[in-house]
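Okay, so here's the structure we're looking at.
The values are calculated or read from the model by the stated rules, or taken from the named source; none is laboratory data. No experiment lies behind these values; they were computed from the predicted model shown. Backbone-built Cβ (ideal geometry, glycine too); neighbour counts: all protein chains shown.
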Amino acid sequence: MKRASIISGICVLLIFVAAVPLLSDGVLIVDRTDFQPGTPSKQPLTVKYHRVSVEITDQVATTRIDQVFKNSHDADLEGTYIFPLPESSAITEFSLWINGKRTGGEVMDREKARRIYEDIVRQMIDPGLLEYVGRNMFRARVYPIPAKGETRIELEYTETLRYDAGLVRYVYPLDTERFSPDPIEEVTISAEISSSVPLKSVYSPSHEIDTRIETYGAVAGYEDSYVKPDTDFVLYYTVSEKDVGANLLAYREEGEKGYFLLLLSPGQIEGPTLKKDIVFVLDTSGSMRGPKIGQAKRALSYCIERLGDGDRFSVIGFATGVDPMESGLVTVNEKTREAALAFVDEFSARGGTNIGEALLEATGTVTGSEPEGPLSRPRIIVFLTDGEPTVGETDTKRILSKLEDANRAGARIFVFGVGDDVNTHLLDRISIEHRGISEYVGPDEKIERVISSFYTKISEPVLSDIELDWGRVETSGIFPVVLPDLFKGTQLVLLGRYEGRGGTAVSLEGSVEGRRKEFVYEVSFPGEEKKNDFIPRLWAMRKIGYLMNEIRLNGEDPELIDEIVSLSKEHGIMTPYTSFLVLENEAEYDRFGISEPKAEMIRDSGRKYKEAMDEEVGSGSVARATDILALKQATVQQAPASKTVTYAGKKAFYLKDDRWIDSEYTSDLKTVRVKLFSKKYFDLIKKVPELGKYLALGKSVTVVYKGKCYRIDE
């Protein structure tokens, strides 16, 4: 009798907007052939590496997959390699070389593939393959998989991607966690994109990626080592002939408010960018002594060397007093750049920390000769400190009040706190109230790396003081709340809610050299859209970040806490106010005397955290400020914070008594009970294929779908 074990592989699946459902991993099914006595028959083999390269030229994509499977047993194995195919793809190469002979394969239609998937699920008593149901399949026999050896599989296929309003989506399934027993040594994805239409942005909501965008080409890459990937890799790229590209993604369930994501990016536009006024302010107090002052000086020199012709700038050092390079702004040229570098080179660390006077000096410098009226150029202050105010004005409220009065020019203030002794409440308020950001550099981080990376992003302004008009569609809950300026080569990711449906004209307006410039985009807000199911959770992360920051800076409010709890529970986002949501079993709830999480208990669990949030200085304060900022600026969906929480599509599930329970479940819902692997079970998946990705979570699952509850029992 055959026994099987499942090994997860990787397959690259290119999916585009308005295309097929999400596809899943390649799988190697190994049949027992010649095991030694005592060898576990159902122990999955380990994937050694997954390497994927993709070339996309004007929507024609060629995908190459290179996988190695390891057989740690003392016997040769025989198996079948399968993976679900994307719609309209064409296999162009499959290479499995055994004893010098190339092994071929076959493509099966979705009905035949469905029967094979279901048969494997029954044999393995494992629902993990259910997400494959309803897709075509490529299959190839694999023999031998050598004892204590490796088997390498290479696959190539092509596909023509659809172009939809300037947006293309690419999905690479990485969900191998439920099959591979050991971490994968290497996972790499590289994509090269060429387009005859200017590229504007390359964005991944699922993974942190490195990108480089030119006018007609881009590269993007992700790599990791010794990991168990459990989140599909999703990549979007956008193209547009306009100076600023705008592309809309939406998610909406019928009868409910929708969620949307808007990508705004000028890309690497041709022609001149805006000239800017910028003031660099550096803390040179005694606490900066040692490696910190050297790193800060190198970072500042990097920025000065990369100032653009026509920019105006100044440099201010501060400690007990304030030391400006000039009394006002100077125009960038070879002479002023050399003078500034020499000025910075003379900085040494000594004295106190006069933050208040340094900020007033900076705002006075950047105001220059145009304190009122429309600005002809963006104005930026880059402020770096490693301490809290100890000299001059030390009261936080008065520092903020004086700064508000002084910053008549509306300069954006970007703040960098170095080390653990900074006043995070003060620095965060400065950046929030003056349309910048706060960033914190840990004691072991390189200041020069953080500053140089930041300056590269903001060095070339394109559009300032931007505003959006959403036309006839009503929008709400938009994050970020205050829209930042746009810079060349960067992108702005907006998230929000909407009501209404259909096409509308979205207007983007901003300032260019004191003149207002308008861009109009035709977009469509759908009445129902099930793709892009990452958007609701990403929106919830941002909103929770803003709510928590509001509590941190302005005090606890029961309504804000209740909203955090509600969002956290629905979307599976852990916060200090939702610790009771991750109790592992009924006994744990009983131990605390509760049958389910209650708001009162949750508020109590977060109270100590709130007391800690009130701390303005220290490593804990910096960590909390950094965590909240990460939520506020979230563009990548993070993995669940606990093993008792998991995601499937838009839904969050909680583990209770070894059962995954949908966060939407309530006891008053009508429940349909289904026995695991029964005829009714497979008939249900055939009738409602959408349920497959939820039931693939395990043997005991409770899921809510279109108002009906399905309970799967062993």
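When the range 545-583 is filtered for residues that are closer than 19 Å to Ser206 by Cα, of a type in the set (A, V, I, L, M) and buried (at least 23 other Cβ atoms within 10 Å of the Cβ), only Ile573 remains. Looking only at residues in the range 431-451 that are part of a helix (DSSP H, G or I) and among the aliphatic types (A, V, I, L, M), the one that is nearest to Tyr546 (Cα to Cα) is Ile432. Trp660 satisfies every condition listed in (1) over 25 Å from Arg110 (Cβ atoms); (2) touching a Pro at 6+ places or on another chain (Cβ under 6 Å) except (2). Name the pairs: first residue in the range 562-574 and in contact (Cβ under 8 Å) with a residue 24 or more places away in the chain, second residue acidic (Asp, Glu) and part of a loop (DSSP other than H, G, I, E, B), Cβ to Cβ under 9 Å, at least 6 apart or on different chains? Pairs found: Glu570/Glu664. Pairs meeting the criteria (first residue in the range 207-223 and closer than 14 Å to Ser195 by Cα, second residue acidic (Asp, Glu) and part of a strand (DSSP E or B), beta carbons under 7 Å, at least 6 apart or on different chains) are Val219/Glu192. On inspection, Ala612 fails the criterion of being modelled with pLDDT under 75 and not in a helix (DSSP H, G or I).
The residues of the range 149-164 that are surrounded by fewer than 17 Cβ atoms within 10 Å (Cβ to Cβ), of a type outside the set (Lys, Arg) and in a strand (DSSP E or B), listed by number, are Glu150, Glu154, Thr158, Thr160, Asp164. The single residue among Val672, Val636, Val704 that is more than 26 Å from the chain's Cα centre (by Cα), in contact (Cβ under 8 Å) with a residue 24 or more places away in the chain and either part of a loop (DSSP other than H, G, I, E, B) or farther than 30 Å from Met548 by Cα (or both) turns out to be Val672. Here Phe519, Phe454 are screened, and the one residue that is surrounded by 15 or more Cβ atoms within 10 Å (Cβ to Cβ), in a strand (DSSP E or B), touching a strand residue (DSSP E or B) at 6+ places or on another chain (Cβ under 8 Å) and aromatic (Phe, Trp, Tyr) is Phe519. At least 2 residues being touching a strand residue (DSSP E or B) at 6+ places or on another chain (Cβ under 9 Å), free of Cβ contacts under 8 Å to residues at least 60 places away in the same chain and loosely packed, with under 15 Cβ neighbours inside 10 Å is the threshold, and among the helices (runs of 4 or more DSSP H) wholly inside the range 312-408 not one reaches it. Regarding Phe318, is this residue over 19 Å from Ile458 (Cβ atoms) and aromatic (Phe, Trp, Tyr)? Taking the combined requirement at face value, the residue satisfies it.
Within the option set Ile544, Ile458, Ile466, Ile535, being modelled with pLDDT under 90 and not small (Gly, Ala, Ser) holds for one residue only, Ile458. Looking at Ile293, Ile304, which one is in a helix (DSSP H, G or I), within 15 Å of Tyr455 (Cα to Cα) and within 34 Å of the chain's Cα centre (by Cα)? The conditions single out Ile304. Checking each residue of the range 217-231 against the condition of being modelled with pLDDT of 90 or more, in contact with a Gly (Cβ under 8 Å, 6 or more places away or on another chain), crowded, with 21+ Cβ neighbours inside 10 Å and in a strand (DSSP E or B) gives no match. Checked against (1) surrounded by fewer than 19 Cβ atoms within 10 Å (Cβ to Cβ); (2) among the charged types (D, E, K, R); (3) at negative phi, Asp465 meets all criteria but (3). Taking the range 232-264 as the range and being touching a residue at least 12 places away in the same chain (Cβ under 8 Å), small (Gly, Ala, Ser) and over 12 Å from Arg497 (Cα atoms) as the test, the residues that pass are Ser240, Gly245, Ala246.
Being buried (at least 19 other Cβ atoms within 10 Å of the Cβ) and under 30 Å from Lys397 (Cα atoms), is that true of even one residue in the range 507-515? If you could, list the steps in order and put the result at the bottom.
Our first condition is that a residue be buried (at least 19 other Cβ atoms within 10 Å of the Cβ); within the range 507-515, this holds for 508, 510-511.
Add one more test, that the residue is under 30 Å from Lys397 (Cα atoms), and what stays is none.
Checked the range 507-515: no residue is buried (at least 19 other Cβ atoms within 10 Å of the Cβ) and under 30 Å from Lys397 (Cα atoms).
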